[in-house]
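Chemist: Take a look at the following structure, please.
Computed from the coordinates by the stated procedures, all read-outs in this text should not be read as laboratory data. Just so it is clear, the structure is predicted and the values come from calculations on it, not from any experiment. Counting neighbours? That spans all protein chains shown, and the Cβs are built from the backbone with ideal geometry, glycine included.
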Amino acid sequence: MPQISKRQFLKNITGLSVLPLINLDELLANHTSTSPIDLAQNEDFWQQIRKAYHVTQDFIHLENGYYSLASNEVLEEYLKHIKTVNEVSSYYMRTKQFDDKLLARKQLAELLGCSHEELIITRNTTESLDTIISGINWKEGDEAVMAAQDYGAMLDMFKLQARRYGMVNKVISIPNHPKNDEEIVALYENAITSKTRLLMVCQMVNITGQIMPVKKIVEMAHRHQVEVLVDGAHAFGQLDFKITDLGACDYYGSSLHKWLGTPLGAGILYVRKDKIKQIWQLYGEMGFEDNDIRKLNHTGTHPVATDLAIQDAIRFHQKIGIKRKEERLRFLQKYWTEQVRNHPNIVVNTPQDLNRACAIANVGIKNISPAELAKILFDKYKIFTVAINYADVFGVRVTPHLYTNTQELDIFVKALKELAKA
């Protein structure tokens with residue numbers, strides 16, 4: 001019987017022609033002395049990195065913030081994990097699953113800068129943060145503070161708690177172009193009362209890309225004895241930081257399929273060790289002590305191949321290096337936004353200060369609705385974005401990734417300028 005190669009097998013089961021893997025180690029070895037800022041502008045280098053991904057030729061992909069491509073290297077390992085688990089099925093689930101998941105937790109905790117006993121693997125940021133919002137023992141009249149620009153799923157969970165327990169949600173609005181950190185901190189502080197128990201803040205606002213002064217907000221909230229829940233959906237794997245840089249926040253959630261490059265369906269939840277005991281688990285998990293974070297991680301039977309691929313994604317992420325990654329993503333955002341910021345009919349809804357934004361930005365055109373703009377960009381120019389039309393943000397979110405090149409952004413800028421003239 002003829003033998004089939006691994007690559008032909010992958011092509012057969014995915015319907016995709018798998019691209020040759022680049023020698024990433026050799027490529028990086030040739031640039032060890034190049035600073036991340038200088039390397040960020042080296043298009044030849046990043047064109048080689050692009051070869052590590054199977055990038056669609058059907059359109060220009062500028063909506064990578066929802067779910068970004070896994071590299072070819074990670075994708076191949078992921079498919080092998082599916083096959084390996086399937087071969088032994090329940091044997092794996094009842095034996096090796098738990099040790100493998102623990103190893104992934106430890107590696108993620110090292111990336112975040114915390115103990116693995118403070119971190120669990122979830123399916124996404126929504127699950128992580130909703131676990132905390134629903135796990136607090138709310139009493140009637142308790143208050144929570146959040147922003148209109150926060151992610152809708154979490155705002156909805158707060159609304160549900162208000163209906164169920166009679167707690168009160170106080171919603172502020174974040175300016176798209178703040179004067180300074182103190183302006184933002186004051187907005188949150190002015191909403192706090194003696195009844196406030198929890199404050200939720202985005203590390204990076206998902207609809208504009210604005211990076212928030214989380215540490216200052218946490219320190220302020222703690223002075224008022226208010227706990228802080230941080231939405232880090234877009235920060236983990238994009239920004240170079242540790243959890244300690246956020247001012248001893250109490251709770252933190254993120255997704256791994258956005259910027260870490262894990263296949264779809266993985267996230268993390270961090271709970272500071274001294275806060276675990278007070279959080280009620282969502283499901284009736286009674287196999288762990290109240291101060292064991294695993295009580296919050298009852299998943300039932302789920303696709304474990306995704307969890308296994310986390311280690312592969314971490315390896316690829318660390319090869320690139322978070323400093324190189326952050327600087328390239330910031331460069332790409334600056335590259336296109338600086339070309340349209342001063343156009344009279346174009347509105348950039350993202351701060352210009354490089355410390356306040358990285359990959360994500362939001363842009364609108366006067367007299368064109370966000371939905372219409374997104375449709376025209378795709379139908380006429382084959383550029384994929386997402387329309388945002390709420391919370392004082394009116395435009396399309398633009399999210400390049402490591403596999404985005406400046407030629408694609410040139411096409412996008414040209415499209416914006418053409419539409420702004422109409």
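Chemist: With respect to residue 129, determine if the residue is in contact (Cβ under 8 Å) with a residue 60 or more places away in the chain, in contact with a Gly (Cβ under 7 Å, 6 or more places away or on another chain) and of a type in the set (A, V, I, L, M, F, W, C). Let's see the steps before the verdict.
Modeler: On the way: in contact (Cβ under 8 Å) with a residue 60 or more places away in the chain: yes; in contact with a Gly (Cβ under 7 Å, 6 or more places away or on another chain): yes; of a type in the set (A, V, I, L, M, F, W, C): yes.
When the stated conditions are applied, residue 129 passes them.
Chemist: A follow-up question, please. Which residues, taken from region 31-44, are part of a helix (DSSP H, G or I) and either in contact with a Gly (Cβ under 6 Å, 6 or more places away or on another chain) or over 11 Å from residue 405 (Cβ atoms) (or both)? It would help to see each step written out before you state the result.
Modeler: Taking region 31-44 and keeping what is part of a helix (DSSP H, G or I), we get 36-39, 43-44.
36, 37, 38, 39, listed by residue number.
Chemist: Conditions: (1) farther than 28 Å from residue 404 by Cβ; (2) not in a loop (DSSP other than H, G, I, E, B). Residue 81 meets all but one. Number of the miss?
Modeler: (1)
Chemist: When region 376-409 is examined, which residues are found to be part of a helix (DSSP H, G or I) and either small (Gly, Ala, Ser) or in contact (Cβ under 8 Å) with a residue 12 or more places away in the chain (or both)? Before the answer, list the steps.
Modeler: Within region 376-409, the first condition is being part of a helix (DSSP H, G or I), and the residues that meet it are 376-381, 406-409.
Scanning region 376-409 gives 376, 377, 378, 380, 381, 406, 408, 409.
Chemist: Next question, about the same structure. Residues 105, 94: which one is more than 18 Å from residue 309 (Cα to Cα) and either basic (Lys, Arg) or surrounded by fewer than 17 Cβ atoms within 10 Å (Cβ to Cβ) (or both)? If you could, list the steps in order and put the result at the bottom.
Modeler: Working: 105 fails: more than 18 Å from residue 309 (Cα to Cα).
Only one candidate passes the filter, namely 94.
Chemist: Suppose the filter is crowded, with 18+ Cβ neighbours inside 10 Å, in contact with a strand residue (DSSP E or B) (Cβ under 7 Å, 6 or more places away or on another chain) and either part of a strand (DSSP E or B) or among the aromatic types (Phe, Trp, Tyr) (or both); does residue 260 pass it?
Modeler: Details: crowded, with 18+ Cβ neighbours inside 10 Å: yes; in contact with a strand residue (DSSP E or B) (Cβ under 7 Å, 6 or more places away or on another chain): yes; either part of a strand (DSSP E or B) or among the aromatic types (Phe, Trp, Tyr) (or both): no.
Against the criterion (crowded, with 18+ Cβ neighbours inside 10 Å, in contact with a strand residue (DSSP E or B) (Cβ under 7 Å, 6 or more places away or on another chain) and either part of a strand (DSSP E or B) or among the aromatic types (Phe, Trp, Tyr) (or both)), residue 260 does not qualify.
Chemist: Can you work out which of the residues in region 169-180 that are surrounded by 13 or more Cβ atoms within 10 Å (Cβ to Cβ) and either over 22 Å from the mean Cα position of the chain (by Cα) or among the hydroxyl-bearing types (Ser, Thr, Tyr) (or both) is farthest from residue 211 (Cα to Cα)?
Modeler: Keep residues of region 169-180 that are surrounded by 13 or more Cβ atoms within 10 Å (Cβ to Cβ), which gives 169-172, 174-178.
Add one more test, that the residue is either over 22 Å from the mean Cα position of the chain (by Cα) or among the hydroxyl-bearing types (Ser, Thr, Tyr) (or both), and what stays is 169-172, 178.
Numbers: 169: 23, 170: 21, 171: 19, 172: 17, 178: 11 Å.
If we take residues in region 169-180 being surrounded by 13 or more Cβ atoms within 10 Å (Cβ to Cβ) and either over 22 Å from the mean Cα position of the chain (by Cα) or among the hydroxyl-bearing types (Ser, Thr, Tyr) (or both), then 169 is farthest from residue 211 (Cα to Cα).
Chemist: While we're on this one: Please report, ordered by residue number, the strands (runs of 3 or more DSSP E) entirely within region 149-254 with at least 1 residues that are under 28 Å from residue 68 (Cα atoms) and either in contact with a strand residue (DSSP E or B) (Cβ under 6 Å, 6 or more places away or on another chain) or touching a residue at least 12 places away in the same chain (Cβ under 8 Å) (or both).
Modeler: Values: elements: 168-172, 196-202, 227-231.
By residue number, 196-202, 227-231.
Chemist: Which one of 394, 378, 384 is aromatic (Phe, Trp, Tyr) and touching an Asp or Glu at 6+ places or on another chain (Cβ under 8 Å)?
Modeler: Working: 394 fails: touching an Asp or Glu at 6+ places or on another chain (Cβ under 8 Å); 378 fails: touching an Asp or Glu at 6+ places or on another chain (Cβ under 8 Å).
Every option except 384 fails the conditions.
Chemist: Related question: Among the residues of region 318-332, how many are in a helix (DSSP H, G or I), surrounded by fewer than 23 Cβ atoms within 10 Å (Cβ to Cβ) and not hydrophobic (A, V, I, L, M, F, W, C)? Spell out how you get there, then give the answer.
Modeler: Of region 318-332, the ones in a helix (DSSP H, G or I) are 318-320, 322-332.
Pick out the ones that are also surrounded by fewer than 23 Cβ atoms within 10 Å (Cβ to Cβ) and you get 318-320, 322-323, 326-327, 330-331.
Narrowing the set further to residues that are not hydrophobic (A, V, I, L, M, F, W, C) leaves 318-319, 323, 326-327, 330.
Counting residues in region 318-332 that are in a helix (DSSP H, G or I), surrounded by fewer than 23 Cβ atoms within 10 Å (Cβ to Cβ) and not hydrophobic (A, V, I, L, M, F, W, C) gives 6.
Chemist: Then there is this: List pairs: first residue in region 261-276 and without any contact (Cβ under 8 Å) to a residue 60 or more places away in the chain, second residue among the charged types (D, E, K, R) anywhere in the structure, Cβ distance under 8 angstrom, at least six positions apart or on different chains.
Modeler: These pairs meet every condition: 275/227; 275/250.
Chemist: For residue 69, which of the numbered conditions (1) aliphatic (A, V, I, L, M); (2) surrounded by 18 or more Cβ atoms within 10 Å (Cβ to Cβ); (3) not in a loop (DSSP other than H, G, I, E, B) fails to hold?
Modeler: (3)
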